[in-house]
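Undergrad: Below is a structure I'd like to ask you about.
Taken together, the values in this text are just the output of simple stated rules run on the coordinates, not laboratory data. No experiment lies behind these values; they were computed from the predicted model shown. Because the Cβ atoms are built from the backbone with ideal geometry, glycine has one as well, and the counts that use them run over all protein chains shown.
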Amino acid sequence: MKSEIRRITPHSSEWPTRLNALAKPPGELFVLGRNLAEIAAERHRTVAIVGARNCTYYGEKIARDFATYFAALDWSVVSGGAFGIDYNAHRGALLIDGVSIAVLAGGLDAPYPRSHDGLFAEIARRGALISEQPPGVRAAKGHFLARNRLIAALSIGTIVVEAAYKSGAIRTARDSAELLRPVLATPGAITSPQSAGVHALIRDRIAELVTSPTEALEILAPLDHQGDVISAE
């Protein structure tokens with residue numbers, strides 16, 4: 001697998017130029033899978049779906065349903081390859097042979113978590129695995145926070161499905177908001193700790209509440225091409 005990993009820079013033809021909107025864009029990326037110019041270029045529709053690792057069955061279904069819906073419309077579904085919502089977002093896209101992109105926190109020669117090796121192999125066939133870390137570097141705590149900004153920057157907008165107050169998904173949502181890109185959130189039970197962070201995003205007017213994939217599309221679709229202008233501001 002290591003020999004198939006390629007290094008790209010901002011000068012590479014497949015560099016995702018949406019990343020240039022970041023205050024601190026990466027100087028290089030490592031990619032395994034399809035050419036990013038085909039699935040993550042500015043002209044391509046990409047949506048991030050993120051959320052809690054320790055999610056509920058409700059959250060799993062919502063993540064899969066939203067991902068399948070967008071993938072069926074030829075959107076690339078971006079997430080972080082983790083347990084829980086991330087896993088189900090990737091699976092939802094792959095269920096219909098859609099395109100999914102996983103942004104990982106460690107080197108692509110030994111992607112974390114190892115129990116997702118089968119999932120990562122499918123993602124690499126249909127979409128791509130991306131990491132800011134070179135091969136040989138293990139995922140570390142600081143890497144997860146750093147990769148969240150890449151998930152946000154690669155996407156026209158971010159959908160948060162279940163997230164506790166202290167959650168990497170909340171950081172991704174805030175990264176998206178800082179880029180002036182839409183943050184959408186699906187509500188959960190008011191007694192559910194897995195939805196406490198989501199409800200805070202809605203309450204603080206960082207995220208717009210959505211209850212179906214069609215509602216999310218109504219918000220994101222007008223930004224399909226205009227979003228490139230917004231993200232560059």
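Undergrad: Treating only the Cβ of Lys, Arg, Asp and Glu as charged (+1, +1, -1, -1), what charge dipole size does the stretch 47-161 show about its Cα centre? Round to the nearest 20 debye.
TA: Using Cβ point charges on Lys, Arg, Asp and Glu, the stretch 47-161 gives about 280 debye.
Undergrad: List the residues, sorted by chain then number, that are 5 or more residues from Thr46 or on another chain and whose placed amide H is less than 5 Å from its amide H.
TA: Ser76, Ile156
Undergrad: Let me ask you something else. Using DSSP to call loops (not H, G, I, E or B), can you name the trypsin sites (Lys or Arg not before Pro) in the stretch 97-203 whose Cβ has at most 11 other Cβ atoms within 10 angstrom?
TA: On the way: sites: Arg114, Arg125, Arg126, Arg138, Lys141, Arg147, Arg149, Lys166, Arg171, Arg174, Arg203; in loops: Arg138, Lys166.
Passing sites in the stretch 97-203 are Arg138, Lys166.
Undergrad: Same structure again: Please name which of Pro26, Ser100, Pro135 has its Cα lying farthest along the dipole of the chain towards the positive end, using unit charges on Cβ (Lys, Arg +1; Asp, Glu -1) and the Cα centre as origin.
TA: Value: Pro135.
Undergrad: Counting other beta carbons within 10 Å of each Cβ, put Ser195, Ser12 in order, fewest first.
TA: Numbers: Ser195 27, Ser12 16.
In increasing order of surrounding Cβ atoms, one gets Ser12, Ser195.
Undergrad: Could I ask something else about it? At a 10 Å Cβ-Cβ cut-off, how would you order Leu129, Leu22, Leu95, Leu150, fewest neighbours first?
TA: So the residues, fewest neighbours to most, are Leu95, Leu22, Leu129, Leu150.
Undergrad: Got a sec? Charge dipole of the chain, +1 on Cβ for Lys and Arg, -1 for Asp and Glu; which of His44, Ala189, Thr68 is way out at the positive end?
TA: With unit charges placed on the Cβ atoms, the residue in question is Ala189.
Undergrad: Still on this structure: Mind checking the dipole of the chain: about its Cα centre, +1 per Lys or Arg Cβ, -1 per Asp or Glu Cβ, Debye to the nearest 20?
TA: Using Cβ point charges on Lys, Arg, Asp and Glu, the chain gives about 700 debye.
Undergrad: Take Thr186, Thr68, Thr9 and order them by how many other Cβ atoms sit within 10 Å, fewest up front.
TA: Ordered by Cβ neighbours within 10 Å, fewest first: Thr9, Thr68, Thr186.
Undergrad: List the relative contact order of the stretch 1-117 as a percent without decimals, with contacts defined as Cα pairs under 8 Å and 6+ residues apart.
TA: 22 percent
Undergrad: If you don't mind, another one. With the cut-off at 1.5 for a/c, could you classify the stretch 31-164 from its C-alpha gyration tensor as rounded, prolate or oblate? Mind dumping the intermediate values first?
TA: Values: a/c = 1.44, a/b = 1.12, b/c = 1.29.
It is rounded, given that a/c, with a ≥ b ≥ c, falls under 1.5.
Undergrad: Defining a contact as two alpha carbons under 8 Å apart and six or more residues distant in sequence, what relative contact order in percent does the stretch 85-207 show?
TA: Details: 203 pairs, mean separation 24.9, N = 123.
Answer for the stretch 85-207 is 20 percent.
Undergrad: Quick check: convex hull of the Cα atoms in the stretch 174-220, volume per residue, rounded to a whole Å³?
TA: Convex hull of Cα atoms, per residue: 69 Å³.
Undergrad: Could you work out the helix-only [θ] at 222 nm for the chain, with each DSSP H run of four or more residues adding -39,500 (n - 2.57) and the total divided by the number of residues, to the nearest 500 deg cm²/dmol?
TA: Value at 222 nm, helices only: -11000 deg cm²/dmol.
Undergrad: Mind listing the phi-derived Karplus ³J(HN,Hα) values for the stretch 117-133, rounded to whole Hz, using 6.51, -1.76 and 1.60 with θ = phi - 60°, and x for any glycine or proline?
TA: 4, x, 4, 5, 5, 5, 4, 5, 6, 8, x, 7, 9, 10, 8, 7, 8
Undergrad: May I have the count of lysine pairs in the chain with C-alpha atoms under 26 Å apart, counting pairs 8 or more residues apart or located on different chains?
TA: 5
Undergrad: OK, next. Would you mind estimating how fast the stretch 117-211 diffuses translationally, via Stokes-Einstein at 20 °C and 1.002 mPa s with the Kirkwood radius over Cα pairs, in µm²/s?
TA: 148 µm²/s
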